[in-house]
Structure formats: C-alpha cells, structure tokens
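Inspection log for the structure reproduced underneath, given as structure tokens.
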Amino acid sequence: MTSDQSQNHILKINLEGHDALTSAIAESDLQQDLEWDKIANLMHVTMKKADGLGLAANQVSVGIRMFTMWGDKTFINPKIIESSKETQLREEGCLSFPNLFLRIPRSKSIVVEYYNVKLEKTVDRFEDLWAQCIQHELEHLDGKLFIDHVSKLKLNMARKKQKKANDTSRR
C-alpha cells in the first residue's frame with residue numbers, strides 16, 4: 001500500500017507522522033451508546049481492503065480502545081493478562097507504515113482479556129502470528145510504534161527497502 005492508496009479504503013488509514021498514532025487511548029466506557037458492531041465492521045472492511053492482519057482504532061482516528069483482527073475478531077478494552085517467557089522473532093509490517101517490515105521480538109504466547117463486539121467479556125489464548133498481531137495492535141492503542149523496537153541502523157536499512165517498494169517509477 002502506498003501513501004496514495006490510503007485514501008481508497010472505507011476509513012482513511014493514518015500514516016506515519018500522524019499525531020493519533022502516538023496518542024494512547026484510555027479504556028472505553030462500555031456504557032456509551034455506540035454502535036460497536038458498525039464501527040468494528042467498518043474497521044474490518046478497511047483492514048481487509050488494505051491487506052492487513054489487524055487494525056487499531058487510532059490508526060483510523062477512532063477514539064475508542066479497540067482493534068480488529070483477521071478472522072472477524074474484535075477486541076474492546078483488551079489487556080494481556082499472561083505472556084510466555086518464550087519469545088519469537090518474526091517480521092512484521094504496519095498499515096500506517098506502508099512496505100516497512102521489521103523483525104520484532106514478541107512473546108510467543110499470550111492470554112488476553114477483552115470484550116467482544118457484543119460487549120461480552122472474553123478470555124482467550126493466542127500463539128505465534130496471532131500473539132504477535134495482538135501485541136502490535138495493543139501497542140498502537142498505547143501510542144507506541146513498532147519502529148521503536150529496533151536500532152536506528154536496522155530502521156535505516158528497512159527504510160531503504162521501503163523506499164524502493166514505494167517507488168512507483170519502478171513499476
């Protein structure tokens with residue numbers, strides 16, 4: 001996805017440098033009369049059209065503590081209540097940083113407490129790719145970015161690859 005493509009989604013995805021990406025979102029009041037299912041659906045459609053695995057609310061300027069994940073999963077007020085000591089080192093990307101991919105160490109297994117789209121409290125265990133995705137999206141909700149996990153040297157190397165991938169004159 002290039003910067004120009006961001007406007008082609010249902011909701012506009014905030015790109016690197018947007019203030020919303022570094023702003024933490026406080027726990028949402030579940031008593032608010034929001035149409036949680038409609039907001040989640042818009043986020044799911046946006047995420048899928050952008051070929052993403054997950055999408056945090058602040059990536060689309062929605063001020064609620066929520067993210068969506070592939071498989072039509074919606075997490076409202078999510079909290080990691082258990083993390084494995086065993087870590088994994090996988091490459092990950094971010095819809096707000098088109099074509100930037102970094103290897104980030106994350107817990108291999110996590111247990112998450114959250115409310116689903118029907119506002120039912122749920123506790124689930126996630127492993128591997130899904131654990132990685134959830135940790136990435138939760139950091140978005142806390143105003144943290146995946147680029148903060150790597151050295152300046154690694155980030156600069158990845159940015160060179162990103163620049164080539166985003167260069168439309170090469171197509």
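The values are calculated or read from the model by the stated rules, or taken from the named source; none is laboratory data. No experiment lies behind these values; they were computed from the predicted model shown. For neighbour counting, all protein chains shown are included, and Cβ atoms are generated from backbone atoms with ideal geometry for every residue, glycine included.
Out of segment 11-31, which residues are touching a residue at least 24 places away in the same chain (Cβ under 8 Å) and either surrounded by fewer than 16 Cβ atoms within 10 Å (Cβ to Cβ) or not aliphatic (A, V, I, L, M) (or both)?
Scanning segment 11-31 gives Lys12, Asn14, Glu16, His18, Thr22, Ser23, Ala24, Ala26, Glu27, Ser28, Leu30.
Suppose the filter is modelled with pLDDT under 95 and buried (at least 16 other Cβ atoms within 10 Å of the Cβ); does Pro98 pass it?
In short, yes.
If Thr68 satisfies every condition in (1) in contact (Cβ under 8 Å) with a residue 24 or more places away in the chain; (2) of a type in the set (Ser, Thr, Tyr); (3) more than 21 Å from Val45 (Cα to Cα) but one, which is the exception?
Only one criterion is unmet by Thr68, namely (3).
In this structure, is Ile147 in contact with a Cys (Cβ under 9 Å, 6 or more places away or on another chain) and either under 30 Å from Gln32 (Cβ atoms) or touching a residue at least 40 places away in the same chain (Cβ under 8 Å) (or both)?
Judged against the criteria, Ile147 is a match.
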